[in-house]
Structures are given as C-alpha cells and as structure tokens.
Amino acid sequence: MAVRDALLSLLTTGPAYGFQLHGALEARTGGRRRVNVGQTYATIERATKAGLIESAGATADGLPLHRLTKAGRRAVDAWLGGADAPGTDPWDETIDRVLVVASLPGRDPSSVITDERARWTARRDAAEAAMSARSTANQPAPAQTELQHLAIAAEAARAMAALDWLDVVARAAASDRSLAFAPTDDRPRRGRRPARAPAAQESAIA
C-alpha cells in the first residue's frame, strides 16, 4: 500500500498529530497494515515538503497537528478514485482503499466500492478473453505458453475473488452495523513535549 495516500485520507476527518495517524492507519485497515513509528513520521515529513500537508498548530499539551492542503485533498480524491501508487499491487490497494474509506465517519463507501467493482470486472473480462483466445487456438502449447495461460487464469481467479470480497463489504456497509468510527486521541508514551521547562521535558513522540 502507498502509506502516504492512506495517511492523507485519514486527515480528511480533520487535523491530527503524528501518533494519532500512526495508530489510525492500523485500526482503519483492520489491523492488516502495521508500519513503524519512524516510517509514519518520515511519511508526514515528506508529504509536508511536497505541499500535501501543512501545520495546523498544536494540541493543548503541545503535540504538533497536521492538516491537508488543497493539493493534499486532490491527492486523496485521486487515491480514493482508484489511482494506485506506482509499484503497488492493485489488490492490496483495493483492500486498503475500501477499508479506509468505510472506516471514515461521514463518508459513504458505496461509490468507491462501485468504482473498484468496475475495475475488477474489466480485469476479469480481459483475463477471460485472453484465456478464450488461447483455448480456441487449438494448438499444442509449449511449456512457456502453457505457463502464460496458467498465469492468465490466476488473474481471472483473483479478479473474481476481488469481486466476491467487494460484495461482502457492500453488504456490511449497507447493514445496520456501522464500519465507521471517530478518531481516537491516544497519546504517545515517549518523546519530547514542547513548551515545557528543560528539566521537565519527558520523552513522548509528538
């Protein structure tokens, strides 16, 4: 998954501090995405330098807050609209994109699910068409050609599995048990807290 895109999406609920975003990434992907704290803060720093995030002041106890810029909101819209990050696996991107948007309060995941269904339907149809073209050729295939055929069959199977999973999510999202939850305010246990006397400064990651 593109960690940056998911973190940016979490900021659509409002300003947040780094540790808050770190915990939310795991929680809003159902526990499947765990990154270390250093990666979270490095991603925030890079996104800030890229003009996607800006300072939003600090909490009452001195934790720096971050918020989206206009460019950051465009990046979120692109990711939720189906733009996979370069080098990422489309299946991983689909899972993370759908889980994150379903978890965000005030967001309707149905349009994202619909768009993902359209993409995986197109992948399935393309794979099935490629398999049909191979089977109607009616010629004995050398080993490499047969392996290509099996690889195409795997893509078709993955697309069908993706469509089945999207149906499961759509039913869960339409049920009376909400998948969304409000941001938590978990505080870091170690690191520096600003605006305190040097002798009283404790380690708490901001």
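With kT/(6 pi eta Rh) evaluated at 10 °C and eta = 1.306 mPa s, and Rh the Kirkwood radius from Cα pairs, the range 1-57 diffuses with a coefficient of 140 µm²/s according to Stokes-Einstein.
Ordering ALA180, ALA42, ALA126 by the projection of their Cα atoms onto the charge dipole of the chain, which places +1 on the Cβ of Lys and Arg and -1 on the Cβ of Asp and Glu, puts ALA42 at the extreme positive end. Every helix of 4 or more DSSP H residues in the chain counts as -39500 (n - 2.57), and over all residues that averages to -18500 deg cm²/dmol at 222 nm.
Computed over the Cα atoms of the range 110-177, what is the ratio Rg over Rh, Rh following Kirkwood? Don't skip to the end; give the middle numbers.
Values: Rg = 15.9 Å, Rh = 13.5 Å.
Using only Cα positions, Rg/Rh for the range 110-177 is 1.18.
Strictly greater than 28 Å: what percent of every Cα pair in the chain meets that? Percent of Cα pairs beyond 28 Å in the chain: 40. Beyond 18 Å, what percent of the Cα pairs of the range 46-164 remain? Within the range 46-164, distances greater than 18 Å cover 66 percent of Cα pairs.
Taken together, the values in this text are just the output of simple stated rules run on the coordinates, not laboratory data. Please read all numbers here as calculations on a predicted model, not as lab measurements. Cβ coordinates were reconstructed from backbone atoms using ideal geometry, including for glycine residues, and neighbour counts include every protein chain displayed.
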